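K.L.:
A single structure is presented below for examination.
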Amino acid sequence: MVATTHAALFAVLCLFLGSSYAWTKLGLEGLDPLTFVLARLLIGVAVLGLWLRLSGEGIPRERGLYALGLLNVLGAFLLLTWGQQYVESSHAAILVASGPMFSALGATYVLPDERLDRRRAVGVALGFAGVIALFSGDLGGSSATRSGHEIAGAVAIVISAVVIAAIAIIVRLRFPGYSATQIALPQVTGGLVAVMLVSLLAGAGGLVTFEADLLAPWVLVSVLCLGVFNAGLGNIVYYRLVLGWGVTRTALVAYVAPFIGAAIGVGLLDEHLGPNAAVGLALTLASLALVTRDLKEVPCRNPR
């Protein structure tokens, strides 16, 4: 029963993350990037704080959790955002999808119950191949023509994937006694504080122009959906899976989410998919079958 619950939560997380591509595109039609991120994080903190209060759980006092929140912002979010400025979206999606491989490799060394056997290794590799297949129609150019900014951007995205994997491993290793909400709140709070500071500095220096057209179609809906379901509830689901289902299996969301995003793009944004998407989906489904076939729960000490 618990295994079934985790599988259902994984599907929910995939839906949250997969739909974020479309919501982000719609939201940026009426808001500048900084204001957009700030609004969704603010809603996320409110959702997490309310959830924590209703559940009767205390605000975590462990400094390490807040340090992880800072690392998440500086080492993952900002690097990823910076890198995506110089890398084509198809390449960026593939680089982000390298995360499960780093998660699997890291977990096999420091988490004895998540050691990577041959079957799981093949599964992780197939999932990465599936993401490459999905975006293969958009790939072009050669490394010989890439600028220094493009190479630096690609490196930044890969480093952000490593940091995200490391944070998940550290959470499972060091903080199994906290609830998913207690772990998520410092992460999102750290992001909110960092983006507020960046916004103030960038605005004071005239580096950005703030825009807010709340009457543009779907803008308010996109902000609310991303704030409630991604920054808020999505983080609770994510860390619950990390703690109870394992780092490697939870990381597979990076393989599935692009397909959901592509499907939503076809249905709502009049985008198109080629036959390569079917190949990619088949590889990704094979990956999920191989990595999650034995749905044994991972041990969790003293859950709160």
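Nothing in this text is a laboratory measurement; each read-out follows from the coordinates by a stated rule. As the structure is a computational prediction, the values presented were derived from the model and not from experiment. Note: ideal-geometry Cβ built from the backbone for every residue, glycine included; neighbour counts use all protein chains shown.
K.L.:
Which is farthest toward the positive dipole end of the stretch 2-291 among Val171, Val208, Ser287, measuring Cα position about the Cα centre, with Cβ charges +1 (Lys, Arg) and -1 (Asp, Glu)?
P.N.:
Checked the options; the winner is Val171.
K.L.:
Can you put Ser20, Ser103, Ser199, Ser222 in order of Cβ neighbours within 10 angstrom, beginning with the fewest?
P.N.:
Details: Ser20 23, Ser103 29, Ser199 17, Ser222 26.
Placing the least packed residue first, the sequence is Ser199, Ser20, Ser222, Ser103.
K.L.:
What order, most packed first, do the peptides 181-191, 120-130 have when packing is the mean number of other Cβ atoms within 10 Å of each residue? Before the final figure, lay out the partial values.
P.N.:
Working: 181-191: 25.1, 120-130: 20.7.
Ranked by mean Cβ neighbours within 10 Å, highest first: 181-191, 120-130.
K.L.:
Taking the Cα centroid of the stretch 12-30 and of the stretch 109-134, what is the distance between the two, rounded to the nearest whole Å?
P.N.:
26
K.L.:
Taking a ≥ b ≥ c as the square roots of the Cα gyration tensor eigenvalues, with a/c under 1.5 meaning rounded and otherwise prolate when a/b beats b/c, else oblate, which class fits the stretch 38-115? Working shown, then result.
P.N.:
Working: a/c = 2.35, a/b = 1.28, b/c = 1.84.
The shape class here is oblate.
K.L.:
Report, in order of residue number, the helices in the chain meeting two criteria: a C-alpha extent of 24 Å or more along the helix axis, and a mean Kyte-Doolittle hydropathy of at least 1.0; treat each whole DSSP H run as one helix.
P.N.:
Details: long enough: 2-27 (36 Å, 1.18); 33-55 (33 Å, 1.74); 118-135 (26 Å, 1.27); 148-174 (38 Å, 1.91); 180-204 (36 Å, 1.57).
Answer set is 2-27, 33-55, 118-135, 148-174, 180-204.
K.L.:
Starting from the exponent 0.38 and prefactor 2.2 Å, build the expected Rg for the chain from its residue count and divide its actual Cα Rg by it.
P.N.:
Details: Rg = 19.0 Å, N = 304, 2.2 N^0.38 = 19.3 Å.
Working it through for the chain, the quotient is 0.98.
K.L.:
Size of the dipole of the stretch 2-291 about the Cα centre, Lys and Arg at +1 and Asp and Glu at -1 on the beta carbon, nothing else charged, in debye to 20?
P.N.:
Details: 14 positive and 14 negative charges, 203 e Å.
Its charge dipole is roughly 980 debye.
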